[in-house]
């Protein structure tokens with residue numbers, strides 16, 4: 001039987017607070033206090049999904065690097081339109097990953113020994 005989200009949080013991170021502390025630096029936000037209070041009010045299941053998405057973005061070199069990779073895939077000649085760049089900058093990390101996957105980006109994880 002699959003462990004509940006609460007059990008997964010406790011097994012992998014020890015507590016909800018420790019999970020939130022690991023998520024905050026991965027989100028690349030400026031205001032950590034607001035981010036922490038928002039994350040503490042989120043369900044364990046959603047926290048686990050946010051953490052997984054943030055790790056995937058980090059594996060691609062961060063948000064800016066992922067946007068650059070996406071732009072290269074979508075516009076191989078190097079002339080992205082301003083509307084695309086604006087939408088990519090405003091997109092959530094999850095949406096960026098989905099856009100990257102749809103553009104044909106490699107979503108396989110590098111072997112990191114995890």
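Here, each number is a calculation from the coordinates, and none is a lab measurement. Everything numeric in this text was worked out from a predicted model, so none of it was measured. Cβ sites come from the backbone with ideal geometry, for glycine too, and all protein chains shown count toward neighbours.
General remarks:
- Note on the chain: GNM, Cα springs under 10 Å; of 93, 102, 56, the largest mean-square fluctuation is that of 102.
- As a calculated quantity, the FRET efficiency between residue 22 and residue 59 at R0 = 22 Å, using C-beta atoms, amounts to about 0.90.
- Mean separation of Cα contacts under 8 Å (6+ apart) over length of the stretch 61-114, as relative contact order %: 43 percent
- For the chain, the relative contact order works out to 22 percent when only alpha carbon pairs closer than 8 Å and six or more residues apart are counted.
- Spin-label model distance (nm) - residue 38 vs residue 79, 7 Å beyond Cα toward Cβ: 3.7 nm
- Ordering 84, 13 from the fewest to the most neighbouring beta carbons within 10 Å gives 84, 13.
- Normalised by the number of residues in the stretch 1-59, the mean separation of alpha-carbon contacts (under 8 Å, six or more apart) gives a relative contact order of 40 percent.
- Residue among 89, 11, 98 with the largest mean-square fluctuation in a Gaussian network model of the chain, springs linking Cα atoms under 10 Å: 11
- The modelled label-to-label distance between residue 7 and residue 31, using points 7 Å beyond Cα along the C-beta direction, is 3.8 nm.
- In this simple spin-label model, placing a label point 7 Å from the Cα along the Cα-to-Cβ direction at both residue 106 and residue 46 gives a separation of 3.5 nm.
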